[in-house]
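Remarks on the structure that follows.
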Amino acid sequence: MPKPLRIGVIGVGHLGARHAEIYAAMPGVRVAAVCDTDATRAKEVAGHLGCDALTDHRELAGRVDAASVAVPTTLHGPIGLELLRAGVHLLIEKPIATSLAEADALIREARKRTLTLQVGHIERFNTAIQAAQQLLEHPRFLEIHRLSPYPFRGTDVSVVLDVMIHDLDLLLTLVPSRVRRVDAVGVSVLSPSEDIANARIEFASGCVANLTASRISEEPLRRFRVFQEDRYLSIDTRQQTVEMARKDGCSIQRVDLPVNKQSPLQDELASFVRAVRLRRAPLVSGQDGRAALALALEIERKMRRPTAPRRRR
C-alpha cells in the first residue's frame, strides 16, 4: 500500500476546520497537523483529529506533503509562497491572492517546483452547475445574484473578492469569450470596503452578464439565470436545483433537471487529493484563479473611480 498522503490545514476557523474534518475521513490521507495563530483553537481542532497543533505555518515544512490554506485573503500570497518554496502542494481558498503580482508569483513557484496549485472556487464542484453546464452552448444573457447575511469574518476585502469572486470564476467558465467592457458600482455599509456591489460585464461574443453580490442581506440567495436562444435555465447553487424552460411548439415547457446532490466541498478536496497523487492538473488551476482575480480587480477599479461633479444650473 502507498504511504498515506500527509495533509496540513493552515487556518482552522469555520471553513478550515471543515477542510480538516473532511481530509481526516478520506482513505489514504492523514491529517498530520493543523495550524492557527490562535493556539487554543489549533489545539481544539488538533485534539479532535489526533494530530499536531501548530501556530507557525513554517513548521509544516517536512511534516506534510500537501495543505489547504484557509487564512484571511491578505495572507494567501505570502503564506502560499513560503509553503510552495518548502515543497508543499497547495489548495488556496478563493481568491488566489489580493494582487496579480502575488498570483503570478504563486503560479511561477508551483510551476518551477512541479507542485499542484489549486484554487478553492468551490462552485465548480456544485452538481447543479455541472448538470446545467451540459446544456449551455451560446449564453446570451446571465443574471447572477449571490446574497448573504453579514458574516462578521472575512471582511478584510470587498464583497467582490469575498463573495462575487465565486460567480466571476463560474462566469469565465460558462462564457468562453474575451471580456470587452466592465461597469460597476459598490457601496460600503458595515465594512471599510464595499459590502454590496453590482457589475455589468460585456463579452466579445455579445453575451452580457449582470451580477449582484451582497453580504448585508437578510436571506441567503445564490442563483444563476442563463438565457440563450433556445432555452432558459434557473440554477440555484445553494439548493442545488436546476429548472429549464424551452419552447415546445407554441408553448413553453418547464422541467426540473435531475441533479445528483453532493457536498461541493467534499468533491473539491477529493479532487485536490487526486491531483496531488496522480500529478495531474487540478480542475481549478492557479491560472483560473488569476483570471477570476483579474476580473474582480477590474470591477473594484470601476467601482472606485472618481465620479465627475454635477454641474450647477
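The values are calculated or read from the model by the stated rules, or taken from the named source; none is laboratory data. All figures in this text were calculated on a predicted structure; none of them were measured in a lab. Cβ placement follows ideal geometry from the backbone for every residue including glycine, while neighbour counts extend to all protein chains displayed.
Figures for the structure shown
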{"item": "Condition met for A42 (under 25 Å from S271 (Cβ atoms) and in contact (Cβ under 8 Å) with a residue 12 or more places away in the chain)", "result": "no"}
{"item": "Positions within segment 198-220 being under 25 Å from L265 (Cβ atoms) and surrounded by 15 or more Cβ atoms within 10 Å (Cβ to Cβ), in sequence order", "result": "L211, T212, A213, S214, R215, I216, S217"}
{"item": "Elements of type strands (runs of 3 or more DSSP E) in segment 197-285, at least 3 residues being in contact (Cβ under 8 Å) with a residue 12 or more places away in the chain and among the small types (G, A, S)", "result": "208-214"}
{"item": "Qualifying residue in segment 168-185 (condition: assigned by TED's automatic domain parsing to the domain that holds R225, surrounded by fewer than 18 Cβ atoms within 10 Å (Cβ to Cβ), touching a Lys or Arg at 6+ places or on another chain (Cβ under 6 Å) and more than 16 Å from I196 (Cβ to Cβ))", "result": "yes"}
{"item": "Index of the failed condition, L136 passing every other in (1) modelled with pLDDT under 95; (2) not in a loop (DSSP other than H, G, I, E, B)", "result": "(2)"}
{"item": "Residue check, A17 of a type outside the set (S, T, Y), in the same structural domain as Q118 (by TED's automatic domain parsing) and not in a helix (DSSP H, G or I)", "result": "no"}
{"item": "Segment 282-293, subset small (G, A, S) and in contact with a strand residue (DSSP E or B) (Cβ under 9 Å, 6 or more places away or on another chain), residue farthest from R113 (Cα to Cα)", "result": "A292"}
{"item": "The one condition in (1) in the same structural domain as A110 (by TED's automatic domain parsing); (2) surrounded by 11 or more Cβ atoms within 10 Å (Cβ to Cβ) that A291 fails to fulfil", "result": "(1)"}
{"item": "Extreme residue, surrounded by the fewest Cβ atoms within 10 Å (Cβ to Cβ), among residues of segment 1-11 that are aliphatic (A, V, I, L, M) and closer than 18 Å to G77 by Cα", "result": "I10"}
{"item": "Count of residues meeting criterion [part of a loop (DSSP other than H, G, I, E, B) and under 17 Å from L83 (Cα atoms)] in segment 23-65", "result": "9"}
{"item": "Residue among Q253, Q262, Q240 that alone is surrounded by 12 or more Cβ atoms within 10 Å (Cβ to Cβ), at pLDDT below 95 and either touching a Lys or Arg at 6+ places or on another chain (Cβ under 6 Å) or within 27 Å of P139 (Cα to Cα) (or both)", "result": "Q262"}
{"item": "For D183: the one exception among (1) without any contact (Cβ under 8 Å) to a residue 40 or more places away in the chain; (2) touching a helix residue (DSSP H, G or I) at 6+ places or on another chain (Cβ under 9 Å); (3) over 25 Å from T241 (Cα atoms); (4) not hydroxyl-bearing (S, T, Y)", "result": "(1)"}
{"item": "Tally of residues being under 24 Å from the mean Cα position of the chain (by Cα) and within 24 Å of L115 (Cα to Cα) across segment 34-59", "result": "4"}
{"item": "Some residue of segment 83-93 being of a type outside the set (A, V, I, L, M) and closer than 24 Å to P151 by Cα", "result": "yes"}
{"item": "Test: residue in segment 148-163 that is in contact with a strand residue (DSSP E or B) (Cβ under 6 Å, 6 or more places away or on another chain), surrounded by fewer than 17 Cβ atoms within 10 Å (Cβ to Cβ), in contact (Cβ under 8 Å) with a residue 24 or more places away in the chain and not small (G, A, S)", "result": "no"}
